[in-house]
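Undergrad: One structure coming up, written as structure tokens, with questions to follow.
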Amino acid sequence: MKRTLLAASVALLAGSAMADDHQQPNIIYVIGDGMGFEFISAYRYAMSDLETKTMAETQFDHYLTGAAMTYPEDDTWVTDSAASATALATGEKSYNGAIGMDNDKTSLKTVMEYAKDSGYMTGSVSTSQINHATPASFFAHHPSRYEYNQIADLMGQQILDGDAAYDVILGGGQQYFIRDDKNWAELIEQQGVSVITDMQQLEQIQQAPVMGLFAPKGLPHAIDEGKDSLARMTSTALRLLGNGDKPFALMIEGSQIDWCGHANDIACAVHEMDSLNKTLEVVNEYIENNPNTLFVMTADHSTGGLTLGRDGEYAWYSDRVMDIEHSIAYMREKMLVMDADLWPRYVADLVNFELTAEHIERLAAASALEGEVREDALHQALAYITGDITGTGWTSSGHTAVDVPVYATGPHSEQFRGFMDNTQLGKRLIDIVR
Ligand code: MG
Ligand code: ZN
């Protein structure tokens with residue numbers, strides 16, 4: 001009892017001594033793009049042992065606090081990533097396609113902009129290009145997510161004007177920031193921002209501000225070559241932002257869970273979840289050493305209408321999911337430049353499963369087509385084969401309107417409990433940083 005009291009009073013003293021600088025907590029805001037509950041379940045089962053029912057302990061099973069609605073302010077319940085990221089970043093709903101803008105196209109102030117005004121260090125890491133819908137909605141204001149060059153121009157100009165709401169921004173996007181008509185990399189380096197394009201430079205960089213552009217657009221899928229990229233970028237961001245005197249706010253996006261969902265590619269999705277899980281290990285270690293950090297995680301929506309089990313069969317073959325060696329996108333690219341006679345053998349080798357007559361027939365039907373139609377048919381054949389082998393169902397190549405999980409721990413985490421709307425996450429975080 002005595003020791004507890006002493007510890008408490010020491011903590012109080014330390015707290016009051018540091019109150020001026022450290023009243024506001026660090027914020028680590030994680031968004032799994034497309035990470036509905038289905039993806040959490042898929043990842044857990046994929047990591048667990050079916051025979052012994054030994055359940056894997058994933059980072060997603062700590063800190064679950066609630067669920068959120070995701071619908072946009074549009075003529076549908078189904079949101080896109082721009083409207084949802086705008087809600088998560090600004091606390092306001094908007095239309096599908098909006099980047100940090102209201103339905104009437106007025107700019108909405110984001111949690112990162114509020115944080116900057118309060119003296120925070122700020123940043124984001126994503127496996128998409130840094131001007132893609134999710135990260136862009138935290139730093140830019142534009143009527144359409146698809147105008148990538150214009151969004152890059154807004155983000156570059158902010159640095160020239162000295163009002164960028166990011167000190168560390170890491171992801172892909174070389175082709176938007178290093179263009180023939182405009183070389184933002186050169187312009188912003190002149191303003192003292194380090195621009196790095198090789199992941200090997202991550203560990204060497206010593207201070208913010210820094211912009212990392214590690215691929216022309218998005219980074220490679222985790223299942224192909226991108227295994228550790230999100231965790232590595234996160235380590236660097238935490239090292240640069242969390243080195244002392246100021247609090248920081250960092251948004252971390254597992255961008256490609258959604259992309260694998262759009263592709264109806266279960267192995268791709270599970271590996272993206274694993275990449276985010278590794279990233280959460282890095283985050284958790286930081287939180288353990290720096291308890292004045294609020295961790296909040298959610299998804300912007302779910303993608304693909306994923307089901308574990310299909311066609312009336314009571315089975316989902318997690319071991320077969322883990323036996324698949326590459327993404328559908330990777331296989332398709334190789335197959336399109338290969339003699340179609342070789343397709344069945346090639347696919348069987350990479351999914352590590354003997355194809356059925358129906359699978360081979362679907363590949364043959366795709367091979368008989370021409371051009372883009374052939375590419376699409378091949379993609380669909382591979383999605384069918386991997387789904388059929390693993391017992392995975394998909395109902396859409398787009399998003400779905402189901403509620404998504406919410407996670408939180410650390411100071412103020414009680415505000416992220418129970419059932420909520422996605423705007424409440426943005427609103428509450430803004431209240432905490434402003
Ligand atoms: Mg995204
Ligand atoms: Zn999407």
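The values are calculated or read from the model by the stated rules, or taken from the named source; none is laboratory data. Everything numeric here is computed off the predicted structure, so don't read it as measured data. Glycine gets a Cβ as well: all are built from the backbone with ideal geometry, and neighbour counts include every protein chain shown. Heavy atoms of the whole protein, side chains included, go into the accessibility calculation; ligands, DNA and RNA do not. Shrake-Rupley method; radii C 1.70, N 1.55, O 1.52, S 1.80 Å.
Undergrad: Residues that are over 30 Å from Gly66 (Cα atoms), in contact (Cβ under 8 Å) with a residue 60 or more places away in the chain and not assigned by TED's automatic domain parsing to the domain that holds Trp259: does the stretch 352-367 have at least one?
TA: Looking through the stretch 352-367, none of the residues is over 30 Å from Gly66 (Cα atoms), in contact (Cβ under 8 Å) with a residue 60 or more places away in the chain and not assigned by TED's automatic domain parsing to the domain that holds Trp259.
Undergrad: Ok, one more. Is the stretch 115-127 home to any residue that is within 16 Å of ligand 2 (Cβ to nearest atom) and either farther than 30 Å from Gly244 by Cα or modelled with pLDDT of 95 or more (or both)?
TA: yes
Undergrad: For Leu294, work out the one condition from (1) more than 16 Å from ligand 2 (Cβ to nearest atom); (2) open to solvent by 10 Å² or more (accessible area, probe 1.4 Å); (3) hydrophobic (A, V, I, L, M, F, W, C) it doesn't fulfil.
TA: (2)
Undergrad: What about Asp228, is it among the charged types (D, E, K, R) and in contact with a Leu (Cβ under 9 Å, 6 or more places away or on another chain)?
TA: Here the answer is no, as Asp228 does not meet what is asked.
Undergrad: Determine the pairs where a residue that is open to solvent by 10 Å² or more (accessible area, probe 1.4 Å), located within the stretch 129-144, has a partner that is within 9 Å of ligand 1 (Cβ to nearest atom) with Cβ atoms under 7 Å apart, the partner being 6 or more residues away or on another chain.
TA: Correct list of pairs: His132/Ser126; His132/Ser255.
Undergrad: Just name the residue that is nearest to the chain's Cα centre (by Cα) out of those in the stretch 78-100 that are under 10 Å from Thr110 (Cα atoms) and more than 16 Å from ligand 2 (Cβ to nearest atom).
TA: So, considering only residues that are under 10 Å from Thr110 (Cα atoms) and more than 16 Å from ligand 2 (Cβ to nearest atom), the one nearest to the chain's Cα centre (by Cα) is Ala89.
Yes or no, residue by residue, for (1) at positive phi; (2) within 12 Å of ligand 1 (Cβ to nearest atom); (3) of a type in the set (A, V, I, L, M, F, W, C); (4) free of Cβ contacts under 8 Å to residues at least 60 places away in the same chain:
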residue: Arg239; (1), (2), (3), (4): no, no, no, yes
residue: Lys246; (1), (2), (3), (4): no, no, no, no
residue: Ile252; (1), (2), (3), (4): no, yes, yes, no
residue: Gln256; (1), (2), (3), (4): no, yes, no, no
residue: His262; (1), (2), (3), (4): no, yes, no, no
residue: Cys268; (1), (2), (3), (4): no, no, yes, no
residue: Leu276; (1), (2), (3), (4): no, no, yes, no
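Undergrad: Please find, within the stretch 77-135, the residue that is farthest from Ser397 (Cα to Cα) out of those that are hydroxyl-bearing (Ser, Thr, Tyr) and part of a loop (DSSP other than H, G, I, E, B). Lay out the reasoning, then the answer.
TA: Quick first cut of the stretch 77-135, residues hydroxyl-bearing (Ser, Thr, Tyr) only: 79, 81, 84, 86, 90, 94-95, 106-107, 110, 114, 118, 120, 122, 124, 126-128, 134.
Now restrict to residues that are part of a loop (DSSP other than H, G, I, E, B): 79, 94-95, 106, 110, 118, 120.
Details: Thr79: 14, Ser94: 22, Tyr95: 20, Thr106: 31, Thr110: 30, Ser118: 41, Tyr120: 39 Å.
Result: Ser118.
Undergrad: Also: Could you please let me know if Val125 is surrounded by 24 or more Cβ atoms within 10 Å (Cβ to Cβ) and away from ligand 1 (no atom under 15 Å from the Cβ)?
TA: No; evaluated as a whole, the condition is false for this residue.
Undergrad: Being open to solvent by 70 Å² or more (accessible area, probe 1.4 Å) and closer than 13 Å to Ala68 by Cα is the filter here, so list the residues in the stretch 393-434 that pass it.
TA: Arg417, Phe419
Undergrad: Which one of these does Gln157 not meet: (1) in contact with a strand residue (DSSP E or B) (Cβ under 8 Å, 6 or more places away or on another chain); (2) free of Cβ contacts under 8 Å to residues at least 60 places away in the same chain; (3) open to solvent by 40 Å² or more (accessible area, probe 1.4 Å)?
TA: (1) is the only condition that Gln157 fails.
Undergrad: Could you grab me the full set of residues in the stretch 128-170 that are small (Gly, Ala, Ser) and away from ligand 2 (no atom under 16 Å from the Cβ)?
TA: Ala140, Ala152, Gly156, Gly162, Ala164, Ala165
Undergrad: Out of (1) more than 16 Å from ligand 1 (Cβ to nearest atom); (2) within 21 Å of Val404 (Cα to Cα); (3) open to solvent by 30 Å² or more (accessible area, probe 1.4 Å); (4) touching a residue at least 60 places away in the same chain (Cβ under 8 Å), what's the single condition that is false for Asp74?
TA: (4)
Undergrad: Among the residues of the stretch 299-331, which ones are within 16 Å of ligand 2 (Cβ to nearest atom), out of contact with any helix residue (DSSP H, G or I) (no Cβ under 6 Å at 6 or more places or on another chain) and at negative phi?
TA: If the condition is that a residue be within 16 Å of ligand 2 (Cβ to nearest atom), out of contact with any helix residue (DSSP H, G or I) (no Cβ under 6 Å at 6 or more places or on another chain) and at negative phi, then Ala299, Ser302, Ala329 are the ones that fit.
Undergrad: Out of Val283, Val296, which single residue is outside the structural domain of Arg320 (by TED's automatic domain parsing), touching a Lys or Arg at 6+ places or on another chain (Cβ under 9 Å) and under 26 Å from Glu414 (Cβ atoms)?
TA: Only one candidate passes the filter, namely Val296.
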